[in-house]
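These notes are about the structure you will find just below.
Values in this text are rule-based calculations from the coordinates and carry no lab data. As the structure is a computational prediction, the values presented were derived from the model and not from experiment. Cβ atoms come from the backbone with ideal geometry, glycine included; neighbour counts cover every protein chain shown.
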Amino acid sequence: MAKLAVCGGMPVRTREFPKWPVRDIREEEALIDVVRSGEWGIGSRAVAEFDKKFAEFLGAKYAISCTNGTDAISIGLQALGIRAGDEVILPPYTFMATSTATLAVNAVPIFVDIDPDTYNIDPDKIEEAITDRTRAIIPVHIAGNPVDMDRIMRVAKKYDLRVLEDSAQAHGARWAGKMAGTIGDVGAWSFQSSKNVTSGEGGATATNDEKIFDRLFSFQNCGRVRTGKWYEHHNMSGNHRLSAFQAAVLIVQLDRVEEYCVRREKNAAYLDSRLREIGGVEPTVMTPGATRHAYHLYIFRFNSEEFGGVSRNVFLKALQAEGVPCSEGYVPLYKLPLFQHLDESWPALNKVSARYMDYSKVSCPVCERVCREEAVWLTQNMLIGDQSDMDDIAEAVAKIKGNLGELRGVAE
Ligand SMILES: Cc1ncc(COP(=O)(O)O)c(C=O)c1O
C-alpha cells in the first residue's frame with residue numbers, strides 16, 4: 001500500500017471535484033432580461049413566475065419566495081400561529097437556523113434526539129417530549145434524507161400539533177412519492193449558495209392550505225394582506241421579499257433539479273456499495289418509505305474500532321490529505337454557546353419563553369455520539385460528476401484503512 005498523503009505520500013486525488021453552483025448562459029441571459037426590464041423587485045414578473053414554478057415543481061397549491069431559509073422558518077411558524085412561550089419540537093442535528101428561527105418568534109425549541117441510522121429526528125422519541133405547551137414539530141430532512149412523515153403526521157394529529165418541514169436541504173427529495181416539504185402544514189426551503197437550488201441567498205415557503213398561505217404572504221410582506229391596500233398592515237412583520245434577480249436565477253436552476261437529483265442518487269448508490277466493501281465506514285440509511293434522497297450531503301458513519309482505534313478527526317485529516325474534501329459537520333445545537341447563555345445571546349428573548357429554558361440539562365446521546373466521533377460529511381457537488389469521482393473517494397478510504405500502522409502515528 002502506498003504511503004498515506006497525511007504522512008508525506010502521494011494523494012489518491014489531485015483533481016478538484018465539480019464546482020458549485022452549476023450555471024450557464026441561461027442564468028446570464030435571465031439576469032440581463034431582469035436588468036433591462038426594470039422590474040427588479042415588487043410586482044416583478046420574475047418573482048411571480050418563480051413562485052408559480054416552484055409551487056408546480058413541488059406539486060403544492062401555494063408557494064411564496066422570501067429572503068432566506070431562516071426567515072422562511074420564522075414566517076412559517078408565525079403563519080401557523082406559533083406564539084411566545086409555545087414549545088416547538090425539533091432535532092439538535094441541523095443547522096442552527098432551525099432553532100434560532102424558532103427563538104426569533106419567541107417560541108421554545110425542544111430538542112428530540114435523532115435516529116442512529118438516518119440522522120433524522122427519531123419519531124419514537126417525540127411523544128415523550130410533548131407537554132401541554134407543545135404546538136408544533138419541525139422535522140428537518142437532514143442532508144436531503146426525508147423524515148418519516150407518516151409517523152410525524154400521526155403524532156401531530158394525535159396531539160393537534162402543526163408541522164413545519166425544514167426542507168432547506170431537501171429540494172426534490174420525496175417521501176412516499178410526495179415532495180418533501182408538502183406533507184406538513186408548511187414547508188420551508190433555502191436557496192443559499194451551497195444549496196442544491198441556489199440564487200446565492202433566498203428562501204421560500206409552501207402550503208396546500210389557502211388560509212395558511214394568506215398568512216405566509218402577510219408575514220413575508222410587511223404584514224400586508226392579499227386583498228388589502230398597499231399601506232394596510234395587519235400583522236407585525238418586515239420586508240422578507242426576494243428580488244427579481246434572485247428569482248430569475250432560481251427559475252433556471254429549477255430546470256436542473258431533476259437531472260442533478262438523478263446524478264447524485266446514482267453516484268451515491270455506487271459510493272454506498274464501494275464503502276460497504278471496505279468496512280468500518282457505513283453510509284447513513286435512507287429512511288424506509290422515502291422515495292428520493294436529495295443528497296445535499298452524503299454522510300457516512302466512521303467506526304473507530306475498525307480503523308485501529310484512531311479518532312474520526314484523524315481519519316478526516318487523512319482523507320482530506322488524500323484529496324477528498326470532508327468534514328465532521330454539526331455539533332448538537334443545545335451545546336452551542338448561544339444556547340448555554342441565552343440571556344446574553346438573545347437579549348430580546350421574551351420572558352414568557354425564557355422561563356422554560358435551561359439547555360445545560362438537555363441530553364441527546366445519539367446526536368452527541370454522532371457529532372463527537374461518527375459523522376463524516378461530503379458535500380453535494382462531489383456527487384454531480386462521474387463514477388471515477390466515487391472511485392477516488394472509495395480508494396482514498398481503502399488506502400487509509402490499509403495503512404492503519406501509519407495512521408496511528410498521525411497527531412489529533
Ligand atoms: C437545515 C437548514 N435549515 C435552515 C437553513 C437556513 O437557511 P438560510 O441559510 O437560507 O437562512 C439551512 C441552511 O443554511 C439549513 O441547512
For this session: Take every Cα pair under 8 Å in segment 25-253 that's 6+ residues apart, average their separations, divide by the length, and report that relative contact order as a whole percent.
Result: 26 percent
Exercise. How would you order 339-346, 240-247 from highest to lowest mean count of nearby Cβ atoms within 10 Å?
Worked result: 240-247, 339-346
Problem set entry | segment 229-239 - phi-based ³J(HN,Hα) in whole Hz, Karplus 6.51/-1.76/1.60, Gly and Pro as x | 7, 4, 9, 10, 10, 9, 10, 6, 7, x, 8
Problem set entry | Equivalent ellipsoid semi-axes - Cα gyration tensor, segment 253-336, angstrom | 26, 17, 14
Seminar exercise, completed: Pseudo-spin-label distance SER388 to ALA354, built 7 Å along Cα→Cβ, given in nm, is 6.0 nm
Exercise. Taking neighbour counts of Cβ atoms within 10 Å as a proxy for exposure, in what order, fewest first, do THR67, THR98, THR14, THR379 appear?
Worked result: THR14, THR379, THR67, THR98
Problem set entry | Share of alpha-carbon pairs per 20 Å distance bin for the chain, given as whole % | 27, 54, 19, 1
Exercise. Rg(Cα) of segment 202-341 divided by 2.2 N^0.38 Å?
Worked result: 1.55
Exercise. What percent does the relative contact order of segment 260-381 come to when contacts are Cα pairs within less than 8 Å and at least six residues apart?
Worked result: 32 percent
Exercise. Out of segment 323-412, which trypsin sites (Lys or Arg not before Pro) are coil in DSSP terms and have no more than 13 other C-beta atoms within 10 Å?
Worked result: ARG355
For this session: Return the distance in nm (one decimal) between the two label points of a simple spin-label model at LYS158 and LYS3, each offset 7 Å from Cα along Cα→Cβ.
Result: 6.0 nm
Exercise. What lysines sit close enough to LYS401 to cross-link, taking a C-alpha to C-alpha distance under 23 Å and skipping anything fewer than 8 places away on the same chain?
Worked result: LYS3, LYS317
Exercise. D for segment 152-221, whole µm²/s, Stokes-Einstein with Kirkwood Rh over alpha-carbon pairs at 20 °C and 1.002 mPa s: what number?
Worked result: 166 µm²/s
For this session: Multiply the residue gap between SER273 and ARG45 by 0.36 nm, knock off their C-alpha separation, and tell me the result in nm, one decimal place.
Result: 77.5 nm
Seminar exercise, completed: Along segment 74-80, Karplus-curve 3J(HN,Hα) (6.51, -1.76, 1.60; θ = phi - 60°) to the nearest Hz, with x for Gly and Pro, reads 4, 4, x, 5, 5, 4, 8
Problem set entry | Normalised convex hull volume, segment 92-198, alpha-carbon set, Å³ per residue | 97 Å³
Exercise. Which whole-number percent of Cα pairs in segment 25-253 have a distance greater than 21 Å?
Worked result: 52 percent
Exercise. Going by how many other Cβ atoms sit within 10 Å of their own, how do LEU90, LEU336 line up, fewest first?
Worked result: LEU336, LEU90
For this session: Using the 4.7 Å Cβ rule, please list in number order the cysteines from the chain without any candidate partner.
Result: CYS7, CYS66, CYS222, CYS261, CYS326, CYS371
Exercise. Modelled label-to-label distance, ASP150 and VAL331, 7 Å Cα→beta-carbon offset: nm?
Worked result: 3.9 nm
Exercise. Once all Cα-Cα distances of segment 38-82 are split into 10 Å bins that start at 0, what whole-number percent is in each one?
Worked result: 25, 46, 27, 2
Exercise. Where the centre of each part is set by its Cα atoms, how far does segment 112-153 sit from segment 250-323, in angstrom?
Worked result: 22 Å
Exercise. Using 0.36 nm per residue, how much length does the chain from GLU16 to SER345 gain when fully extended, once their Cα-Cα distance is taken away?
Worked result: 114.5 nm
Problem set entry | Candidate aspartates and glutamates - alpha carbon under 20 Å from LYS19, same-chain residues fewer than 8 apart omitted | GLU27, GLU28, GLU201, ASP255, GLU258, GLU259, GLU265, GLU322, ASP386, ASP389, ASP391, ASP392
Exercise. If contacts are Cα pairs under 8 angstrom and at least 6 residues apart, what is the relative contact order of the chain in percent?
Worked result: 22 percent
Exercise. Which of the lysines could a cross-linker span from LYS157 if the Cα-Cα distance has to be under 27 Å and same-chain partners fewer than 8 positions apart are dropped?
Worked result: LYS61, LYS125, LYS178, LYS211
For this session: Provide, as a two-decimal number, the C-alpha radius of gyration of segment 108-148 over 2.2 N^0.38 Å, N being how many residues it has.
Result: 1.17
Exercise. To the nearest 10 degrees, how steep is helix 25-37 against the longest Cα principal axis of the chain, on a 0 to 90 scale?
Worked result: 20 degrees
Exercise. For LYS61 and TYR231, what is the calculated FRET efficiency with R₀ set at 22 Å and r taken between the beta-carbons, to the nearest 0.05?
Worked result: 0.20
